[in-house]
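The values are calculated or read from the model by the stated rules, or taken from the named source; none is laboratory data. Just so it is clear, the structure is predicted and the values come from calculations on it, not from any experiment. Every residue, glycine as well, gets a Cβ built from its backbone with ideal geometry; the counts of neighbours run over all protein chains shown.
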Amino acid sequence: MKKITPDTIIQRNNEILTSDLDGEKVMMSIKRGEYYGLGKTGTFIWDNIDEPVKISDLVAMITEKYNVDRNQCFEDILPFITDLIEKELIIATN
């Protein structure tokens, strides 16, 4: 996998089935036969990557909503984004 940077562009994998459950997302990968759940921040990210978006733009949206430092935000979401890419829930391009 390529290194993820603020310039990496991500978007949802449209093959993933999603549903809302009490304001959070529940997803299923048919390919893997696995279910996944997202908390509030993960749901916010998911809701904002239906179209391709640069991670730096996503960080700007998150920092505006949650009032957190941009560098800290990037460091905090990097493992989450990496996990979603590895599970093929989102697609990343550089």
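Candidates are the residues of the stretch 42-94 that are of a type outside the set (Lys, Arg) and assigned to a strand (DSSP E or B); the one that is farthest from the chain's Cα centre (by Cα) is Thr93.
Taken over the stretch 24-67, the residue count meeting the criterion of being farther than 16 Å from Ile9 by Cβ and touching a residue at least 24 places away in the same chain (Cβ under 8 Å) is 9. Among the residues making up the stretch 82-94, a single one is more than 20 Å from Gly33 (Cα to Cα) and surrounded by 14 or more Cβ atoms within 10 Å (Cβ to Cβ): Ala92. Evaluated against (1) in a strand (DSSP E or B); (2) surrounded by 15 or more Cβ atoms within 10 Å (Cβ to Cβ), Leu17 falls short on exactly one condition, (2). Scanning the stretch 30-41 for residues that are hydrophobic (A, V, I, L, M, F, W, C) and under 11 Å from the mean Cα position of the chain (by Cα) gives a single hit, Leu38.
Scanning the stretch 32-54 for residues that are among the basic types (Lys, Arg) and closer than 20 Å to Asp22 by Cα yields a single hit, Lys40.
May I ask you to say which residue of Ile30, Ile62 is touching a Ser or Thr at 6+ places or on another chain (Cβ under 9 Å) and of a type in the set (Val, Ile, Thr)? Steps first, please.
Values: Ile30 fails: touching a Ser or Thr at 6+ places or on another chain (Cβ under 9 Å).
Every option except Ile62 fails the conditions.
Just so you know, in the stretch 1-35 the residues that are of a type in the set (Asp, Glu) and within 20 Å of Pro52 (Cβ to Cβ) include one that is modelled with the lowest pLDDT, and it is Glu15.
From the set of residues in the stretch 31-56 that are within 22 Å of Thr93 (Cβ to Cβ) and hydroxyl-bearing (Ser, Thr, Tyr), which is surrounded by the most Cβ atoms within 10 Å (Cβ to Cβ)? Quick ask: steps written out before the conclusion?
Initially, the stretch 31-56 is screened for residues within 22 Å of Thr93 (Cβ to Cβ), giving 31-32, 36, 38, 42, 44-56.
Going one step further and asking which of them are hydroxyl-bearing (Ser, Thr, Tyr), we end up with 36, 56.
Working: Tyr36: 17, Ser56: 14.
Among residues in the stretch 31-56 that are within 22 Å of Thr93 (Cβ to Cβ) and hydroxyl-bearing (Ser, Thr, Tyr), the one surrounded by the most Cβ atoms within 10 Å (Cβ to Cβ) is Tyr36.
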